[in-house]
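Data first, discussion second: the structure below is written as structure tokens.
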Amino acid sequence: MKVRRLTTVGAALAVTVLIGGTAASAVPNGAQFRPPADSLRALAQPTGLRIGTAVIPFDLDTDGYVQLVGDQFSVVTPGNEMKWQVVEPTQGSYDWTAADRLVSFAQAHGQLVRGHTLTWHNQLPNWLTAGVADGSISNDQLKSLLHKHIVDEMTHFKGKIWQWDVANEFFTDSNPSQINPNDFWVSHLGAGILGDVFRWAHAADPKALLFYNDYNIAGEDGTNAKSDAVYAWVKSQLAAGVPINGIGDQGHLDTQYGYPYSLQSNLQRFANLHLKVAITEADVRTFVTDAASQVPTDHLAEFAQPYEFEQMLKACLAVQACISFTFWGFGDADSWVPGFFKGEGYATIYDVNLNPKPVIQVLQQELRLAARAAPVR
Ligand code: XIL
């Protein structure tokens, strides 16, 4: 396959080459970027749904990988590069290098950016967690630091981020579920901090869509307890005037639990609150022989995996307010799953060698049908 070289931003020449028999252009001006006609992003275009990926690993230098990022997806999320730990490794000194690079890449390829994530208990800088632990950072100072982090990061990227995950994973997995009293932020600053971060975010970049993002909030837990808790919370926040624009369901599925058929109705009830919704971190994992080859141990998983992806995409397509469907990485070799779920893998849409898996044809077909039938967003 011919490889398209990335041209630097600013070059005005349109370079069109043939990729797998389909014309694609490397024009840095995103408005002129033409993805292959059978790409996921092009097939979704008639419905207005953006198909996205997290960029993991952060590899914008390997041609084959980069070509898939540009050709297949119309929205990108940095897997880690906008997290606090990465952007402010030393207190007071910011490093936006990697995230800036992805934003430029997106602009050159007609893509939007999902910013991820401003307020989370994980991947915080050591200076912050150590300072809180040893008492050198008081709760008042912690609150000011969080405010500064949100304002500085959103101001840096102002006007360039379509959706921001302002708050991530605040609810317990228990039944009933609630805002986790032991969460790093909640335990120090109280549950009201959740409203504060959205207010600060809105003031910093009023045009960005502000999302609450979490896993198992569309029925994946089998009880709907977590979805119910988030629903009640967001409803109360909206009534209090907190500027929340959307709910992101991460969409980490696992074939051993089966497909959660209440996913669509859960997305719809959030949408009925006049919120946007999105699938933000889709993957479907299963048990595999080993982390290197990621061959499913049960051959039926090769059917279940595409099926669950298809159903999840279908649910999003059916809900007009579902504006993006983002995969949490697109290649099995780069997926977070083997490192976080013992014995599992096969969770993405390309195999460990970046060859397309059967699921891609299923998703293409679903998008072709949706182009005729799904509500346009
Ligand atoms: C994961 C990344 O993919 C890994 O590279 C990193 O080591 C840990 O975080 N939910 C989220 C994401 O919101 O930020 C997480 O990403 C996966 C779970």
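Restricting the range 336-345 to residues that are within 16 Å of the ligand (Cβ to nearest atom) and in a loop (DSSP other than H, G, I, E, B) leaves a set whose member that is most open to solvent (accessible area, probe 1.4 Å) is Lys342. For Asn213, indicate whether it is touching a Ser or Thr at 6+ places or on another chain (Cβ under 6 Å), crowded, with 17+ Cβ neighbours inside 10 Å and more than 24 Å from Val132 (Cα to Cα). Criteria met by Asn213. Residues that are outside any loop (DSSP other than H, G, I, E, B) and out of contact with any Phe, Trp or Tyr (no Cβ under 8 Å at 6 or more places or on another chain) within the range 347-359 comprise just one, Pro358.
From the list Ala315, Ala304, exactly one residue is open to solvent by 10 Å² or more (accessible area, probe 1.4 Å) and away from the ligand (no atom under 16 Å from the Cβ). Which is it? I'd like the intermediate steps shown before the answer.
Details: Ala315 fails: open to solvent by 10 Å² or more (accessible area, probe 1.4 Å).
Checking each option against the conditions leaves just Ala304.
Listed by first and then second residue, the pairs linking a residue in the range 64-85 that is over 12 Å from Trp96 (Cα atoms) and in contact (Cβ under 8 Å) with a residue 60 or more places away in the chain to a residue that is open to solvent by 10 Å² or more (accessible area, probe 1.4 Å) and within 15 Å of the ligand (Cβ to nearest atom), with Cβ atoms under 8 Å apart and 6 or more places separating them unless they lie on different chains, are Tyr65/Asp59; Val66/Asp59; Gly79/Ile56; Gly79/Pro57; Gly79/Phe58; Gly79/Trp328; Gly79/Trp336. Checked against the criterion of being out of contact with any helix residue (DSSP H, G or I) (no Cβ under 9 Å at 6 or more places or on another chain) and within 22 Å of Leu49 (Cα to Cα), the candidates Ala271, Ala321 yield just one match: Ala271. Of the residues making up the range 258-300, just one is open to solvent by 70 Å² or more (accessible area, probe 1.4 Å), more than 25 Å from Val75 (Cβ to Cβ) and assigned to a strand (DSSP E or B), namely Phe287.
Wholly within the range 160-256, which strands (runs of 3 or more DSSP E) include no fewer than the required count, namely at least 1 residues that are over 21 Å from Gln123 (Cβ atoms)?
Numbers: elements: 163-168, 209-214, 246-249, 252-254.
Output list reads 209-214, 246-249, 252-254.
Taking each residue of the range 166-177 that is within 20 Å of Ala208 (Cβ to Cβ) and looking for partners that are at pLDDT below 95 and not in a loop (DSSP other than H, G, I, E, B) with beta-carbon atoms closer than 8 Å, six or more apart or interchain, yields nothing. Annotation note: Cβ proximity below 6 Å between a residue of the range 261-285 that is within 22 Å of Pro306 (Cβ to Cβ) and a residue that is in a helix (DSSP H, G or I) and among the acidic types (Asp, Glu) (sequence gap 6+ or interchain) occurs for Val284/Glu308.
From the list Asp183, Asp173, Asp165, the one residue that fits, being under 24 Å from Asp228 (Cβ atoms), within 16 Å of the ligand (Cβ to nearest atom), under 22 Å from the mean Cα position of the chain (by Cα) and surrounded by fewer than 17 Cβ atoms within 10 Å (Cβ to Cβ), is Asp173.
Are any residues in the range 94-132 of a type outside the set (A, V, I, L, M), farther than 18 Å from Gly30 by Cα and either free of Cβ contacts under 8 Å to residues at least 40 places away in the same chain or surrounded by fewer than 19 Cβ atoms within 10 Å (Cβ to Cβ) (or both), and if so, which ones?
Tyr94, Asp95, Trp96, Thr97, His121, Asn122, Gln123, Asn126, Trp127, Thr129, Gly131
The values are calculated or read from the model by the stated rules, or taken from the named source; none is laboratory data. It should be emphasised that the depicted structure is a prediction, and the values quoted were computed from it without experimental measurement. Don't worry about glycine lacking a Cβ; one is built from the backbone with ideal geometry, like all the others, and counts go over all protein chains shown. Side chains are part of the model used for accessible areas, which takes the heavy atoms of the whole protein and leaves out ligands, DNA and RNA. Shrake-Rupley method; radii C 1.70, N 1.55, O 1.52, S 1.80 Å.
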